[in-house]
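*Asks:* Got a structure for you, questions after.
The values are calculated or read from the model by the stated rules, or taken from the named source; none is laboratory data. These numbers come from a predicted model, not from an experiment. Don't worry about glycine lacking a Cβ; one is built from the backbone with ideal geometry, like all the others, and counts go over all protein chains shown.
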Protein chains: 2
Amino acid sequence: MGNNSIQVNLCSTGKEKPESDQLQFGRVFTDHMFIMDYSQPEGWHDARIVPYQPLTIDPSSMVFHYGQTVFEGLKAYLSPEGDAQLFRPEKNLERLNRSNDRLCIPPIDEDFALEAIKRLVALEKEWIPDSEGTSLYIRPFIISTEPYLGVAPSQQYKFIVILSPVGAYYKEGINPVKIAVENNFVRTVTGGTGEAKTGGNYAASLKAQELVANSGYAQVLWLDGIERKYIEEVGSMNVFFKINGEVVTPALNGSILEGVTRNSVIQLLKHWNIPIIERKVSMEEVYQAYKDGLLEEAFGAGTAAVISPIGQLTWKLEHLFINNGKTGEIAKKLYDTLTEIQYGKQEDPFGWIEKVKEISNSTI
Amino acid sequence: MGNNSIQVNLCSTGKEKPESDQLQFGRVFTDHMFIMDYSQPEGWHDARIVPYQPLTIDPSSMVFHYGQTVFEGLKAYLSPEGDAQLFRPEKNLERLNRSNDRLCIPPIDEDFALEAIKRLVALEKEWIPDSEGTSLYIRPFIISTEPYLGVAPSQQYKFIVILSPVGAYYKEGINPVKIAVENNFVRTVTGGTGEAKTGGNYAASLKAQELVANSGYAQVLWLDGIERKYIEEVGSMNVFFKINGEVVTPALNGSILEGVTRNSVIQLLKHWNIPIIERKVSMEEVYQAYKDGLLEEAFGAGTAAVISPIGQLTWKLEHLFINNGKTGEIAKKLYDTLTEIQYGKQEDPFGWIEKVKEISNSTI
């Protein structure tokens with residue numbers, strides 16, 4: 001499918017855009033959305049940009065019953081020159097196809113999907129907020145729409161991209177959070193869907209999250225589902241620990257999501273010649289390092305927060321106060337570097353930035 | 001909420017009903033559906049029976065992204081006297097609320113939901129097919145509809161009931177199937193969502209099912225996600241083995257769905273004074289029993305098939321041929337007894353049948 005096969009149907013009048021300082025996450029959506037349908041034997045077809053609108057879907061559609069969904073999350077940033085730019089979008093589309101494979105959803109053409117995202121972002125460029133730390137969140141997702149109650153892969157899907165202007169994650173600068181190690185619930189397990197970005201993983205996480213939030217914790221830290229010993233993720237981010245001068249992060253094992261920010265953090269640390277090791281990390285090891293005074297930093301890494309320092313980690317009855325509850329030096333440097341690259345305020349030595357070309361209405 | 005608070009809006013002309021011998025599973029739906037909304041502070045409200053119709057839902061609705069869904073499955077049967085009747089529907093609604101709790105969905109009023117189902121079935125009584133083995137499948141489900149991309153329990157939901165006339169599961173009488181023991185993928189794990197009837201569990205199962213179907217197997221047998229030793233379920237059914245005169249089934253452990261048919265099988269076996277034990281059952285034990293000539297029967301139990309005898313069980317490179325590939329005596333007796341009770345052809349000593357009272361259009 002070529003670039004020209006995206007049909008565009010513009011809305012007549014745009015919605016009012018929220019003030020930059022009033023922005024929340026994922027509550028307001030732009031004027032248009034991208035949709036493409038899948039059916040057999042056509043495959044993916046009828047790619048179109050249309051006014052943002054409700055979906056009309058049969059109540060027997062599989063998505064409502066058997067959770068066959070995948071999604072991605074990335075952002076468009078405004079550079080000081082006023083350019084719209086994306087951060088490693090091809091990684092998100094590669095992962096979308098890996099998720100598709102696990103969920104028995106037909107693959108998408110990654111190049112075409114990236115082109116569709118860029119055209120949609122270009123069309124909605126005025127929706128990218130320009131205050132410090134704000135961005136336009138991009139949510140590509142695929143839902144199974146066949147009206148059939150049999151438990152089987154759907155024969156019909158919709159690939160949709162919606163956009164939402166989002167506020168700064170840290171209103172008052174990067175700030176450490178309290179995290180509780182989860183001992184009862186598990187997010188997923190080896191052989192499950194943990195490395196896929198699919199709805200069921202998030203549905204499974206809600207209960208644990210709700211319980212710790214009641215006790216004042218921001219997120220849970222997930223342990224592995226088998227031995228309940230090894231660290232997997234924190235909330236919906238990957239997690240890093242600096243122990244005795246060395247940064248460690250759980251190795252990908254099939255149940256950990258392969259984060260784009262995780263990958264970028266690892267590349268940056270290597271670039272800076274800071275030791276970074278991907279391996280199994282047990283909670284016992286982190287606790288022992290803390291007791292020995294060697295746990296120097298802990299932080300999460302993900303698209304929403306970029307870097308989220310952990311100031312307190314609670315494990316059973318133990319409270320680990322990390323770096324005196326302050327943001328660590330490496331977390332701060334990673335946060336500053338990543339956001340400055342994302343916003344085009346710093347050189348991009350890795351080729352991570354994908355500029356979105358301007359389009360005039362006449363060329364759409 | 002009282003009985004009278006269900007608003008009814010009938011369609012003007014009904015759809016054509018399919019011939020009984022042409023019925024498939026879950027492809028055709030009746031003329032009407034039940035819907036009830038949840039929002040705060042109203043709670044569950046606006047219960048209504050309306051013409052079967054597509055849902056109009058925002059693309060940012062949580063159900064499309066984070067899989068916060070639950071569902072149930074039960075059937076309405078036509079008795080020889082022409083009465084519509086349900087089989088233990090209160091067990092499905094109890095389980096729906098247990099699933100709700102795990103998925104952070106607000107509970108429903110079980111009595112009211114049962115009343116709603118009965119009124120919908122009464123209204124659609126002519127859709128219950130009357131050929132041998134056919135029934136009207138009832139699908140209650142709840143979806144999270146808040147238009148918000150934050151990972152948190154939705155503040156808005158829809159509880160919906162749709163009905164689908166379904167054909168006989170066994171077109172040519174009860175017949176054993178081939179099952180493959182799954183060694184790579186897992187369905188869920190202790191601490192996960194396995195005992196909830198939620199979309200993600202089914203999404204997770206598709207890949208394994210697709211792979212074994214290519215090799216001619218009907219379903220997979222799931223092992224536990226931790227040791228990969230203990231038997232959990234078969235496909236989307238519970239599983240029973242008759243070993244040396246004694247029936248065993250995996251004990252409920254948090255990752256096994258508590259099936260209504262499972263519970264009924266256990267009650268029937270006890271009623272017949274056949275030894276039935278709920279405990280951990282390892283695949284090694286089943287294999288050893290087979291080698292020793294003591295594995296007399298194996299069968300699945302669930303709403304769709306009622307009882308599904310297992311004629312061949314493949315574990316790694318071993319093929320276990322059970323009862324010479326024939327339906328076992330106990331499987332047959334359970335199937336006959338359960339279906340005869342369900343269809344009102346046999347006495348119901350357990351009080352399992354709930355009659356659906358006739359309604360005239362003037363009383364709706």
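*Asks:* Determine which single condition B:Ala289 fails, assuming it passes every other condition in (1) assigned to a strand (DSSP E or B); (2) buried (at least 18 other Cβ atoms within 10 Å of the Cβ).
*Replies:* (1)
*Asks:* Scan (1) free of Cβ contacts under 8 Å to residues at least 60 places away in the same chain; (2) over 21 Å from the mean Cα position of the chain (by Cα); (3) surrounded by 22 or more Cβ atoms within 10 Å (Cβ to Cβ) for the single condition A:Val220 breaks and write down its number.
*Replies:* (2)
*Asks:* Check off (1) touching a strand residue (DSSP E or B) at 6+ places or on another chain (Cβ under 7 Å); (2) free of Cβ contacts under 8 Å to residues at least 12 places away in the same chain for A:Gly173 and give me the number that stays unchecked.
*Replies:* So the condition that A:Gly173 fails would be (1).
*Asks:* Quick check on region B:319-354: of everything there that is in a helix (DSSP H, G or I) and on the phi > 0 side of the Ramachandran plot, which residue is surrounded by the most Cβ atoms within 10 Å (Cβ to Cβ)? Walk me through it before giving the result.
*Replies:* Keep residues of region B:319-354 that are in a helix (DSSP H, G or I), which gives B:322-325, B:329-342.
Subset that is on the phi > 0 side of the Ramachandran plot: B:323-325.
On the way: B:Asn323: 19, B:Asn324: 8, B:Gly325: 14.
Residue satisfying both the conditions and the ranking: B:Asn323.
*Asks:* Hey, another quick one. Out of region B:84-95, which residues are surrounded by fewer than 16 Cβ atoms within 10 Å (Cβ to Cβ) and touching a residue at least 40 places away in the same chain (Cβ under 8 Å)?
*Replies:* Initial filter on region B:84-95 (surrounded by fewer than 16 Cβ atoms within 10 Å (Cβ to Cβ)): B:90, B:94.
Listed by number, the list holds a single entry, B:Glu90.
*Asks:* Read through the list (1) out of contact with any strand residue (DSSP E or B) (no Cβ under 6 Å at 6 or more places or on another chain); (2) within 14 Å of chain A (Cβ to nearest Cβ); (3) not β-branched (Val, Ile, Thr), then give the number of the only condition that B:Tyr52 fails.
*Replies:* B:Tyr52 satisfies all of (1) out of contact with any strand residue (DSSP E or B) (no Cβ under 6 Å at 6 or more places or on another chain); (2) within 14 Å of chain A (Cβ to nearest Cβ); (3) not β-branched (Val, Ile, Thr) except (1).
*Asks:* Here's something else I'd like to know. Consider A:Lys316 carefully, then state whether it is more than 16 Å from A:Phe241 (Cβ to Cβ), in the same structural domain as A:Leu268 (by TED's automatic domain parsing), loosely packed, with under 14 Cβ neighbours inside 10 Å and touching a residue at least 24 places away in the same chain (Cβ under 8 Å).
*Replies:* Numbers: more than 16 Å from A:Phe241 (Cβ to Cβ): yes; in the same structural domain as A:Leu268 (by TED's automatic domain parsing): yes; loosely packed, with under 14 Cβ neighbours inside 10 Å: yes; touching a residue at least 24 places away in the same chain (Cβ under 8 Å): yes.
Judged against the criteria, A:Lys316 is a match.
*Asks:* Condition test on B:Glu258, is it assigned to a loop (DSSP other than H, G, I, E, B) and either away from chain A (no Cβ under 13 Å) or among the charged types (D, E, K, R) (or both)?
*Replies:* Working: assigned to a loop (DSSP other than H, G, I, E, B): yes; either away from chain A (no Cβ under 13 Å) or among the charged types (D, E, K, R) (or both): yes.
Yes, satisfied.
*Asks:* Any residue that is within 19 Å of the chain's Cα centre (by Cα), outside any loop (DSSP other than H, G, I, E, B) and outside the structural domain of B:Leu320 (by TED's automatic domain parsing) - is there at least one of those in region B:193-204? Break it down into steps so the answer makes sense when it comes.
*Replies:* First, the residues of region B:193-204 that are within 19 Å of the chain's Cα centre (by Cα): B:193-204.
Now narrow it down to the ones that are outside any loop (DSSP other than H, G, I, E, B): B:199-204.
Next, from what is left, pick out any that are outside the structural domain of B:Leu320 (by TED's automatic domain parsing): none.
No.
*Asks:* Can you tell me which residue among A:Asp21, A:Asp31, A:Asp46, A:Asp58 is of a type in the set (Asp, Glu) and in contact with a Lys or Arg (Cβ under 7 Å, 6 or more places away or on another chain)? Before the answer, list the steps.
*Replies:* Working: A:Asp21 fails: in contact with a Lys or Arg (Cβ under 7 Å, 6 or more places away or on another chain); A:Asp46 fails: in contact with a Lys or Arg (Cβ under 7 Å, 6 or more places away or on another chain); A:Asp58 fails: in contact with a Lys or Arg (Cβ under 7 Å, 6 or more places away or on another chain).
It is A:Asp31.
*Asks:* Among the residues of region A:97-120, is any on the phi > 0 side of the Ramachandran plot, in contact with an Asp or Glu (Cβ under 7 Å, 6 or more places away or on another chain) and in the same structural domain as A:Ser144 (by TED's automatic domain parsing)? Walk me through it before giving the result.
*Replies:* Here is the first cut: in region A:97-120, the residues on the phi > 0 side of the Ramachandran plot are A:104.
Filter again for in contact with an Asp or Glu (Cβ under 7 Å, 6 or more places away or on another chain), leaving A:104.
Filter once more, so that each one left must be in the same structural domain as A:Ser144 (by TED's automatic domain parsing): A:104.
Looking through region A:97-120, at least one residue is on the phi > 0 side of the Ramachandran plot, in contact with an Asp or Glu (Cβ under 7 Å, 6 or more places away or on another chain) and in the same structural domain as A:Ser144 (by TED's automatic domain parsing).
*Asks:* Among the residues of region A:223-241, count how many are within 15 Å of A:Glu195 (Cα to Cα), at the interface with another protein chain (Cβ under 10 Å from one of its Cβ atoms) and either among the hydrophobic types (A, V, I, L, M, F, W, C) or free of Cβ contacts under 8 Å to residues at least 12 places away in the same chain (or both).
*Replies:* 1
*Asks:* Run down B:Asn244, B:Asn214, B:Asn183 and say which single residue is at the interface with another protein chain (Cβ under 10 Å from one of its Cβ atoms), out of contact with any His (no Cβ under 9 Å at 6 or more places or on another chain) and more than 18 Å from B:Ala301 (Cα to Cα). Explain how you work it out, then say what you get.
*Replies:* Working: B:Asn244 fails: at the interface with another protein chain (Cβ under 10 Å from one of its Cβ atoms); B:Asn214 fails: at the interface with another protein chain (Cβ under 10 Å from one of its Cβ atoms).
Every option except B:Asn183 fails the conditions.
*Asks:* Can I ask one more? Please go through region B:193-217 and give me each residue that is of a type in the set (D, E, K, R), within 14 Å of B:Met237 (Cα to Cα) and surrounded by fewer than 24 Cβ atoms within 10 Å (Cβ to Cβ), ordered by number. Explain how you work it out, then say what you get.
*Replies:* First, the residues of region B:193-217 that are of a type in the set (D, E, K, R): B:195, B:197, B:207, B:210.
Next cut, within 14 Å of B:Met237 (Cα to Cα) only: B:195, B:197.
Passing the criteria: only B:Glu195.
*Asks:* In region B:181-192, how many residues are surrounded by fewer than 24 Cβ atoms within 10 Å (Cβ to Cβ) and of a type in the set (A, V, I, L, M, F, W, C)?
*Replies:* 2
*Asks:* Still on this structure, please answer the following. What residue, of A:Asn253, A:Asn273, is touching a residue at least 60 places away in the same chain (Cβ under 8 Å) and not in a strand (DSSP E or B)?
*Replies:* Just a single option satisfies the conditions, and that option is A:Asn253.
*Asks:* Turning to a different aspect of this structure: Can you report the number of residues in region B:279-295 which are of a type in the set (D, E, K, R) and under 12 Å from B:Leu223 (Cβ atoms)?
*Replies:* Filtering region B:279-295 for residues of a type in the set (D, E, K, R) gives B:279-280, B:284-285, B:291-292.
Narrowing further to those that are under 12 Å from B:Leu223 (Cβ atoms): B:280, B:284.
Within region B:279-295, residues that are of a type in the set (D, E, K, R) and under 12 Å from B:Leu223 (Cβ atoms) number 2.
*Asks:* Tally up the residues in region A:96-125 that are crowded, with 20+ Cβ neighbours inside 10 Å and away from every other protein chain (no Cβ under 14 Å), please.
*Replies:* Final tally of qualifying residues: 9.
*Asks:* Here is a follow-up. Within the bounds of region B:265-283, is there any residue that is of a type in the set (Asp, Glu) and within 18 Å of B:Ile310 (Cα to Cα)? Walk me through it before giving the result.
*Replies:* Initial filter on region B:265-283 (of a type in the set (Asp, Glu)): B:278.
Subsequent filtering for residues that are within 18 Å of B:Ile310 (Cα to Cα) retains none.
No, region B:265-283 contains no residue that is of a type in the set (Asp, Glu) and within 18 Å of B:Ile310 (Cα to Cα).
*Asks:* Out of curiosity, is A:Glu227 of a type in the set (Asp, Glu) and surrounded by fewer than 20 Cβ atoms within 10 Å (Cβ to Cβ)?
*Replies:* On the way: of a type in the set (Asp, Glu): yes; surrounded by fewer than 20 Cβ atoms within 10 Å (Cβ to Cβ): yes.
Yes; evaluated as a whole, the condition is true for this residue.
*Asks:* Would you mind listing the strands (runs of 3 or more DSSP E) fully within region A:86-187 where at least 1 residues are among the hydroxyl-bearing types (Ser, Thr, Tyr)? Spell out how you get there, then give the answer.
*Replies:* Values: elements: A:135-144, A:157-166, A:177-181.
In region A:86-187, the matching strands (runs of 3 or more DSSP E) lie at A:135-144, A:157-166.
*Asks:* Can you tell me which residue within region A:151-171, out of those that are farther than 30 Å from B:Arg187 by Cα and not hydrophobic (A, V, I, L, M, F, W, C), is surrounded by the most Cβ atoms within 10 Å (Cβ to Cβ)? Show your work before the answer.
*Replies:* Keep residues of region A:151-171 that are farther than 30 Å from B:Arg187 by Cα, which gives A:162-171.
After this cut, where a residue has to be not hydrophobic (A, V, I, L, M, F, W, C) as well, the list is A:164-165, A:167, A:169-171.
Working: A:Ser164: 22, A:Pro165: 25, A:Gly167: 20, A:Tyr169: 19, A:Tyr170: 16, A:Lys171: 9.
The residue in question is A:Pro165.
*Asks:* If you scan region B:315-364, which residues turn out to be closer than 30 Å to B:Glu285 by Cα, polar (S, T, N, Q) and within 25 Å of the chain's Cα centre (by Cα)? Give the derivation first.
*Replies:* Taking region B:315-364 and keeping what is closer than 30 Å to B:Glu285 by Cα, we get B:315-338.
Now drop any that are not polar (S, T, N, Q), which leaves B:323-324, B:327, B:337.
Matches in region B:315-364: B:Thr327, B:Thr337.
*Asks:* Which one of B:Ile128, B:Ile143, B:Ile174 is buried (at least 19 other Cβ atoms within 10 Å of the Cβ), closer than 30 Å to A:Leu163 by Cβ and in contact with a helix residue (DSSP H, G or I) (Cβ under 8 Å, 6 or more places away or on another chain)? Walk me through it before giving the result.
*Replies:* On the way: B:Ile128 fails: closer than 30 Å to A:Leu163 by Cβ; B:Ile174 fails: closer than 30 Å to A:Leu163 by Cβ.
The conditions single out B:Ile143.
*Asks:* Still on this structure, please answer the following. Quick one: would you say A:Glu172 is among the charged types (D, E, K, R) and within 14 Å of chain B (Cβ to nearest Cβ)?
*Replies:* No: the conditions fail for A:Glu172.
*Asks:* On to the next question. Does at least one position in region B:148-157 carry a residue that is under 22 Å from A:Cys104 (Cα atoms) and without any contact (Cβ under 8 Å) to a residue 40 or more places away in the chain? Break it down stepwise before answering.
*Replies:* If we filter region B:148-157 for residues that are under 22 Å from A:Cys104 (Cα atoms), which is where we start, we get none.
No, because not a single residue in region B:148-157 is under 22 Å from A:Cys104 (Cα atoms) and without any contact (Cβ under 8 Å) to a residue 40 or more places away in the chain.
*Asks:* Look at region B:126-147 and say how many of its residues are within 13 Å of another protein chain (Cβ to nearest Cβ) and of a type in the set (Phe, Trp, Tyr).
*Replies:* Taking region B:126-147 first, the residues within 13 Å of another protein chain (Cβ to nearest Cβ) are B:136-147.
From the residues that got through so far, the ones that are of a type in the set (Phe, Trp, Tyr) too are B:137, B:141.
Looking only at that region, the number is 2.
*Asks:* Going through region B:295-341 one residue at a time, which ones are within 22 Å of B:Glu132 (Cα to Cα) and of a type in the set (Ser, Thr, Tyr)?
*Replies:* The answer is B:Thr303, B:Ser308, B:Thr327, B:Tyr335, B:Thr337, B:Thr339.
*Asks:* Right, here's the next one. Among B:Lys280, B:Lys270, which is surrounded by fewer than 21 Cβ atoms within 10 Å (Cβ to Cβ) and in contact with a Pro (Cβ under 8 Å, 6 or more places away or on another chain)? First the steps, then the outcome.
*Replies:* On the way: B:Lys270 fails: in contact with a Pro (Cβ under 8 Å, 6 or more places away or on another chain).
Matching residue, one of B:Lys280, B:Lys270: B:Lys280.
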